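The structure appears below as structure tokens.
The values are calculated or read from the model by the stated rules, or taken from the named source; none is laboratory data. Everything quoted here is computed from the prediction, not taken from an experiment. Heads up, the Cβs are rebuilt from the backbone with ideal geometry, glycines too, and the neighbour counts pull from every protein chain shown. Keep in mind that these areas ignore ligands, DNA and RNA; they rest on the heavy atoms of the full protein, side chains included. Shrake-Rupley method; radii C 1.70, N 1.55, O 1.52, S 1.80 Å.
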Amino acid sequence: AQSVTQPDIHITVSEGASLELRCNYSYGATPYLFWYVQSPGQGLQLLLKYFSGDTLVQGIKGFEAEFKRSQSSFNLRKPSVHWSDAAEYFCAVGAPNAGNMLTFGGGTRLMVKP
Amino acid sequence: NAGVTQTPKFQVLKTGQSMTLQCAQDMNHNSMYWYRQDPGMGLRLIYYSASEGTTDKGEVPNGYNVSRLNKREFSLRLESAAPSQTSVYFCASRDRGAGSYNEQFFGPGTRLTVL
């Protein structure tokens with residue numbers, strides 16, 4: 001069975017600083033990987049996804065993520081954080097069999113200091 | 001195009017009461033999902049429906065039942081609510097595209113409290 005670990009429960013960065021959110025996964029085949037963002041009281045919005053090909057994936061809102069098979073990681077990055085990026089971020093791995101279920105990490109809550 | 005809608009937005013139940021959470025999508029998606037979200041645990045899959053007429057258990061199905069009423073609607077029922085079912089419930093849908101893995105689209109959630 002697949003699993004996802006997000007080691008950082010909370011992260012605080014200053015506005016304008018760079019950001020990296022960590023995600024490690026366990027899956028027996030080529031993974032399908034996703035990053036979702038959840039603003040307070042809202043549902044989840046897809047930031048970006050990786051299926052195959054180029055290991056550096058660009059997403060919405062200036063986010064990018066890099067798939068590193070050797071490290072089983074899919075870290076999310078942003079060069080300059082804006083106050084509106086404060087939210088909770090979830091990494092997920094998708095299983096192409098069994099209904100294509102998503103397995104989510106526990107989430108990282110990002111706070112942005114002015 | 002409303003996407004995925006859920007009703008109600010908030011609900012308070014007493015232990016032992018029953019209720020049904022409703023979910024509908026207008027994107028003509030084949031697959032639909034129910035998750036629960038608890039602090040520090042991310043989202044966990046309760047049940048899913050890969051296509052109309054089929055349902056399967058996810059990671060945490062105990063205490064829940066589902067009905068895929070038609071292609072648009074997928075309901076989640078709590079027959080006898082327990083405090084452990086206090087959570088935020090999300091419905092999602094996905095288009096089963098050929099040759100690719102399409103992302104899931106999420107509803108706004110239902111916040112359920114069981115006293």
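A few remarks follow.
- Matching residues in segment A:31-44 - criterion: being surrounded by fewer than 16 Cβ atoms within 10 Å (Cβ to Cβ) and either modelled with pLDDT of 90 or more or in contact with a strand residue (DSSP E or B) (Cβ under 7 Å, 6 or more places away or on another chain) (or both): A:S39
- Qualifying residue in segment A:95-111 (condition: at pLDDT below 95, open to solvent by 10 Å² or more (accessible area, probe 1.4 Å) and among the β-branched types (V, I, T)): yes
- Scan segment B:28-50 for residues that are surrounded by fewer than 21 Cβ atoms within 10 Å (Cβ to Cβ), within 8 Å of chain A (Cβ to nearest Cβ) and not small (G, A, S) and the total you get is 2.
- Selection within segment B:75-113 - open to solvent by 50 Å² or more (accessible area, probe 1.4 Å), within 30 Å of A:L48 (Cβ to Cβ) and not in a strand (DSSP E or B): B:D95, B:R96, B:A98, B:G99, B:S100, B:P108
- A:V112 more than 11 Å from chain B (Cβ to nearest Cβ), of a type outside the set (K, R) and assigned to a strand (DSSP E or B): yes
- Tally, over segment B:1-27, of residues that are within 12 Å of chain A (Cβ to nearest Cβ) and open to solvent by 70 Å² or more (accessible area, probe 1.4 Å): 2
- Among the residues here, A:V57 does not qualify as more than 24 Å from B:F90 (Cα to Cα), in contact (Cβ under 8 Å) with a residue 60 or more places away in the chain and open to solvent by less than 70 Å² (accessible area, probe 1.4 Å).
- Among the residues listed as B:R94, B:R111, the single one being within 20 Å of B:G53 (Cα to Cα) and either within 14 Å of chain A (Cβ to nearest Cβ) or at pLDDT below 95 (or both): B:R94
- Residue tally, condition more than 11 Å from chain B (Cβ to nearest Cβ) and open to solvent by 50 Å² or more (accessible area, probe 1.4 Å), over segment A:2-13: 2
- Selected residue (only one of A:E66, A:E88 is open to solvent by 10 Å² or more (accessible area, probe 1.4 Å), assigned to a strand (DSSP E or B) and more than 14 Å from every other protein chain (Cβ to nearest Cβ)): A:E66
- Some residue of segment B:56-74 being more than 15 Å from B:R36 (Cα to Cα), open to solvent by 30 Å² or more (accessible area, probe 1.4 Å), of a type in the set (V, I, T) and under 13 Å from the mean Cα position of the chain (by Cα): no
- Subset of segment A:45-54 (residues that are open to solvent by 20 Å² or more (accessible area, probe 1.4 Å), of a type outside the set (F, W, Y) and closer than 16 Å to A:C91 by Cβ): A:Q45, A:L46, A:K49
- The residue pairs whose first member lies in segment B:16-42 and is within 19 Å of B:R111 (Cα to Cα), whose second member is open to solvent by 30 Å² or more (accessible area, probe 1.4 Å) and of a type in the set (S, T, Y), and whose beta carbons are closer than 6 Å, counting only pairs six or more residues apart or on different chains, are B:G16/B:S80; B:Q22/B:T7; B:A24/B:T5.
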